[in-house]
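Asker: Mind looking over this structure? Questions follow.
The values are calculated or read from the model by the stated rules, or taken from the named source; none is laboratory data. Keep in mind that this is a model prediction, so the values were computed, not measured. Neighbour counts run over all protein chains shown; Cβ positions are idealised from the backbone, glycine included. Each accessible area value is taken on the protein alone, full model and side chains, heavy atoms only, with ligands, DNA and RNA left out. Shrake-Rupley method; radii C 1.70, N 1.55, O 1.52, S 1.80 Å.
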Amino acid sequence: MLRLNLAREPHWLDLGLGVRVRVEPLTTALMVAARSDPAVRGLPEGTSDDEIAVVFGKALAERAILDWEGVGDAEGNPTPVTPEGIAALLDIWPIFEKFQMGYVAKGLELEQEKNASAPSPTGSGAGATAIARPAKGRARTARKS
């Protein structure tokens, strides 16, 4: 069953290493905006999936992250959320991975669910259509030597 979150309020997401971010709910509008980001659109043909994931993740984070805690400058002073700061934060592998798994993947789970095939009614072959023609007669047995 699909459970709708009608509240659509921002929430805090723990990214580890003492960092947490306040993010907008992952909506269709947010995903479409990230896909339309010039950095994503400008990727050359043949760009690897890993590179696409990084660029898309950063574009999405720029739109989703409203606030953060546990992020500071070189002297340890808290810093405001900026696009440059978000990009630098996501350049830290464990942070990027947690953002991908805790935020992006949760939204994509629904995408995967709709792409799945429905199970066959009573087993692996019950829903399949036969494509082989029926045999014309009984098969002959092999000669004994």
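Asker: Considering only residues that are open to solvent by 70 Å² or more (accessible area, probe 1.4 Å) and over 18 Å from ASP50 (Cβ atoms), which ones fall in region 84-106?
Answerer: GLU84, LYS106
Asker: Scan region 10-22 for residues that are open to solvent by 60 Å² or more (accessible area, probe 1.4 Å), in a loop (DSSP other than H, G, I, E, B) and not aliphatic (A, V, I, L, M) and jot them down.
Answerer: Of the residues in region 10-22, the ones open to solvent by 60 Å² or more (accessible area, probe 1.4 Å) are 11-12, 14, 17-18, 20, 22.
From what is left, the residues that are in a loop (DSSP other than H, G, I, E, B) are 17-18.
Listed by number, the list holds a single entry, GLY18.
Asker: Within the bounds of region 23-34, is there any residue that is touching a strand residue (DSSP E or B) at 6+ places or on another chain (Cβ under 7 Å) and either among the hydrophobic types (A, V, I, L, M, F, W, C) or surrounded by 12 or more Cβ atoms within 10 Å (Cβ to Cβ) (or both)?
Answerer: Pass one, region 23-34, residues touching a strand residue (DSSP E or B) at 6+ places or on another chain (Cβ under 7 Å): 23-24.
The next check asks that each one be either among the hydrophobic types (A, V, I, L, M, F, W, C) or surrounded by 12 or more Cβ atoms within 10 Å (Cβ to Cβ) (or both); those that pass are 23-24.
Yes, region 23-34 has at least one match.
Asker: List pairs: first residue in region 73-99 and closer than 15 Å to PHE56 by Cα and free of Cβ contacts under 8 Å to residues at least 60 places away in the same chain, second residue surrounded by 16 or more Cβ atoms within 10 Å (Cβ to Cβ) and of a type in the set (Asp, Glu) anywhere in the structure, Cβ distance under 9 angstrom, at least six positions apart or on different chains.
Answerer: Once the first residue is closer than 15 Å to PHE56 by Cα and free of Cβ contacts under 8 Å to residues at least 60 places away in the same chain and sits in region 73-99, its partners that are surrounded by 16 or more Cβ atoms within 10 Å (Cβ to Cβ) and of a type in the set (Asp, Glu) give PRO83/GLU62; ILE86/GLU62; ALA87/GLU62.
Asker: Pick from region 44-80 the residues that are within 21 Å of THR27 (Cα to Cα), surrounded by 14 or more Cβ atoms within 10 Å (Cβ to Cβ) and aliphatic (A, V, I, L, M): which of them is farthest from the chain's Cα centre (by Cα)? Show your work before the answer.
Answerer: Filtering region 44-80 down to residues within 21 Å of THR27 (Cα to Cα) leaves 52-68.
If we keep only those that are surrounded by 14 or more Cβ atoms within 10 Å (Cβ to Cβ) as well, we get 54-65, 68.
From what is left, the residues that are aliphatic (A, V, I, L, M) are 54-55, 59-61, 64-65.
Details: VAL54: 12, VAL55: 13, ALA59: 13, LEU60: 11, ALA61: 13, ALA64: 14, ILE65: 17 Å.
Looking at residues that are within 21 Å of THR27 (Cα to Cα), surrounded by 14 or more Cβ atoms within 10 Å (Cβ to Cβ) and aliphatic (A, V, I, L, M), I get ILE65.
Asker: Related question: Failed condition for GLU24, given (1) closer than 19 Å to ALA88 by Cα; (2) charged (D, E, K, R); (3) touching a Pro at 6+ places or on another chain (Cβ under 7 Å), with all others met?
Answerer: So the condition that GLU24 fails would be (1).
Asker: If a residue must be within 16 Å of the chain's Cα centre (by Cα) and of a type in the set (D, E, K, R), how many such residues does region 25-43 contain?
Answerer: Of all residues in region 25-43, those within 16 Å of the chain's Cα centre (by Cα) come to 25-35, 40.
In the following step, the residues that additionally are of a type in the set (D, E, K, R) were identified as 35.
Counting residues in region 25-43 that are within 16 Å of the chain's Cα centre (by Cα) and of a type in the set (D, E, K, R) gives 1.
Asker: Next up: Can you tell which of ARG35, ARG22, ARG8, ARG41 is basic (Lys, Arg) and at positive phi? So that I can check it myself, show each step before the final result.
Answerer: Working: ARG35 fails: at positive phi; ARG22 fails: at positive phi; ARG41 fails: at positive phi.
After ruling out the rest, the residue left standing is ARG8.
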